[in-house]
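Note sheet for the following structure.
The values are calculated or read from the model by the stated rules, or taken from the named source; none is laboratory data. These figures come from a predicted structure and were not determined experimentally. Note that we place each Cβ from the backbone using ideal geometry, even for glycine, and neighbour counts take in every protein chain shown. Side chains are part of the model used for accessible areas, which takes the heavy atoms of the whole protein and leaves out ligands, DNA and RNA. Shrake-Rupley method; radii C 1.70, N 1.55, O 1.52, S 1.80 Å.
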Amino acid sequence: MTPAKRKPARRSTATKRRKPAARKHPARRVKIPRGGPIHARLGSWLVLRVVAPMVDTHRDDIRSRKDAAIVRLSHRGCPKCHGEGMIATRGKSGEFTGSKSCTAKPAQQTVSRWQVQKAARFGTEKRAGLIGWTCPCGKKEKPRYRDPKQATKALRAHERKKHGGQSVGGGWTVQQTEAAALAPSQPTPAPKTSKAPAKAATP
């Protein structure tokens, strides 16, 4: 009698580590119930339409202020931007036309997190280096954008919503540090004109 063949033990494959699913914002997980009491539906609608956009706007505002604080702290004492990290550009009549980052090398390569939190959340200069916008209709937004293009985009969205897409003369606003505001504005250099050498008169 031949012995029964023994099958090798089945090896169990190691289970793959499951990555956690991306969690949505708590307010985004709220669903408006189709039935039920009216106050429950109204509360869910308010959370989705009002609370969630306000939270997202606040988070973007804090992030922009932290970025501006990092640039200010790293450019502290810079003679070119006066510790602001950005240089405001102005037109011929002195109006604000935008901003550009300082091209000088930062004095500090790293800054402490506590200093960033303090500079971004407290004090009168917590919005220094950021750009906002104002409209003649009275609507305005505090400086909260790092790029003039983003401020222009928000201004155009307001014009489409309230003025039918027509511009009514809105403009940018920028907050500067006290050192940058008191610094003398350097005049733009005059363009160089090359004069041709006069020819010697021939007898």
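Below is a table of values for the structure above.
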{"read-out": "Given charges at beta-carbon only (K, R positive; D, E negative), |dipole| of the range 123-184 in Debye", "value": "380 debye"}
{"read-out": "Accessible surface, per residue, of the range 44-132 when the full set of protein chains is kept, probe 1.4 Å, Å²", "value": "61 Å²"}
{"read-out": "Rg in Å to one decimal, and Dmax rounded to a whole Å, for the range 40-84 via C-alpha atoms", "value": "18.2, 58"}
{"read-out": "About the Cα centre, charge dipole magnitude for the range 70-121 (Lys/Arg +1, Asp/Glu -1 at Cβ), debye", "value": "120 debye"}
